[in-house]
Amino acid sequence: MSAPPPPVEATRERLAGLRHTIALGCRILAQQGLVEDILGHVSVRVGRDRMLVRCRGPRERGLLFTEPEDVRLVGFDGQGALDGGYSIPNELPIHSELMRARPDITAVVHAHPPSVLLAGLAGIPLRPVFGAYNIPAFRMAVAGVPVYPRAVLIRRPELGREMAAAMSDSHVCILRGHGLTTAGTTVEQAVIRALNLNALCRVSYDLSRFDHIVTDIPEPDIAELPDLGSAFNDTALWRHHIARLDHLGLLPARAD
């Protein structure tokens, strides 16, 4: 016999917790410079064809000031709880089509970091030239970062499917002339991957401005770079960024 469905109160508590987490993710992205104003969004899958996503409301102040109430429950088709003057992101297909194509993905981030924009426009190779400085970013360089070549507003499902195809089985993607998309099994993981991709692009772009040629990390040194695990790479770093928000007085209010 299948287990009974969870009580309504528990479901509401879970949704409230996810709304708060998305609000934190938006604020972290803004505080770290990956979004500059009102552009960008974070989502998390909450069912077969529904998600919580950061929407724009009548008192929009930008991602740095995202509140849990700005996070709305909508279907992949964009229909949902949009009372109070809220509207879904124009680029909802980034989230919906990627989730449709990738059952392994639970959370999606879309942001517009200047370093990612510049590295993508200049066609700068993202090479594994550093190691222990940022091991997750180094591993992105080793694996290769896919690029969606069209600098368009991804506001139609077919464009979302194009982007998902370009991203393939990766969890990160540069949108040339636009920004980035990252994904993960949690909001925390998707946000931290965005921060790491931004770091890789920033270093790569800065190095491209010098005449000196920097070589890739040699194989013996690569062998000395362990995978420190998600508890270190994702969870601990997430806690650090929450502490930074707290220190700056930028924590959102808890959702009801």
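The values are calculated or read from the model by the stated rules, or taken from the named source; none is laboratory data. All values reported here derive from a predicted model rather than from experimental measurement. Every residue, glycine as well, gets a Cβ built from its backbone with ideal geometry; the counts of neighbours run over all protein chains shown. The area values use the complete protein model at the heavy-atom level, side chains included, leaving out ligands, DNA and RNA. Shrake-Rupley method; radii C 1.70, N 1.55, O 1.52, S 1.80 Å.
Of the trypsin sites (Lys or Arg not before Pro) found in the stretch 83-184, the ones in coil according to DSSP and having at most 16 other Cβ atoms within 10 Å of their Cβ are Arg150, Arg155. The mean accessible area for residues of the chain, using a 1.4 Å probe and ignoring ligands and nucleic acids, is 50 Å² per residue. Measuring nothing but alpha carbons in the chain and taking Rh as the Kirkwood radius, the Rg to Rh ratio lands at 0.98. Can you show me the helix-derived [θ] at 222 nm for the chain, built from DSSP H runs with n ≥ 4 at -39,500 (n - 2.57) apiece and divided by the number of residues, rounded to the nearest 500. Using -39500 (n - 2.57) per qualifying helix, the result is -12500 deg cm²/dmol. For the stretch 121-256, the fraction of C-alpha pairs more than 21 angstrom apart is 52%. When the charge dipole of the stretch 173-256 is built from unit charges on Cβ atoms (+1 for Lys and Arg, -1 for Asp and Glu) and taken about the Cα centre, the candidate among Thr181, Val203, Pro218 whose Cα reaches farthest toward its positive end is Thr181.
Taken as Cα centroids, the stretch 202-256 and the stretch 163-183 sit 19 Å apart, rounded to the nearest whole angstrom. A 1.4 Å probe, protein heavy atoms only, puts the accessible area of Glu36 near 140 Å². In the context of the full protein assembly, Thr186 retains an accessible surface of approximately 60 Å², using a probe radius of 1.4 Å and ignoring ligands and nucleic acids.
Residue-normalised convex hull volume from the C-alpha trace of the stretch 17-116: 93 Å³ per residue. Accessible area per residue was computed with a 1.4 Å probe on protein heavy atoms; Phe138 scores about 0 Å². Considering only Ser115, Ile22, Ile135, and ranking their Cα positions along the charge dipole of the chain that arises from unit charges at the beta-carbon of Lys, Arg, Asp and Glu, the one farthest toward the positive end is Ile22. The charge dipole of the chain, taken about its Cα centre with unit charges on the Cβ of Lys, Arg, Asp and Glu (plus for the first two, minus for the last two), comes to roughly 520 debye. Each of Leu82 and Ala16 was given a label point 7 Å from its Cα along the Cα-to-Cβ line. The distance between the two points is 2.7 nm.
Carbon-plus-sulfur accessible fraction, the stretch 1-160 (probe radius 1.4 Å, protein heavy atoms only): 55%.
Within the chain, which DSSP H helices have Cα atoms that stretch 18 Å or more along the helix axis and a mean Kyte-Doolittle hydropathy of at least 1.0? Helices meeting the span and hydropathy rule in the chain: none at all.
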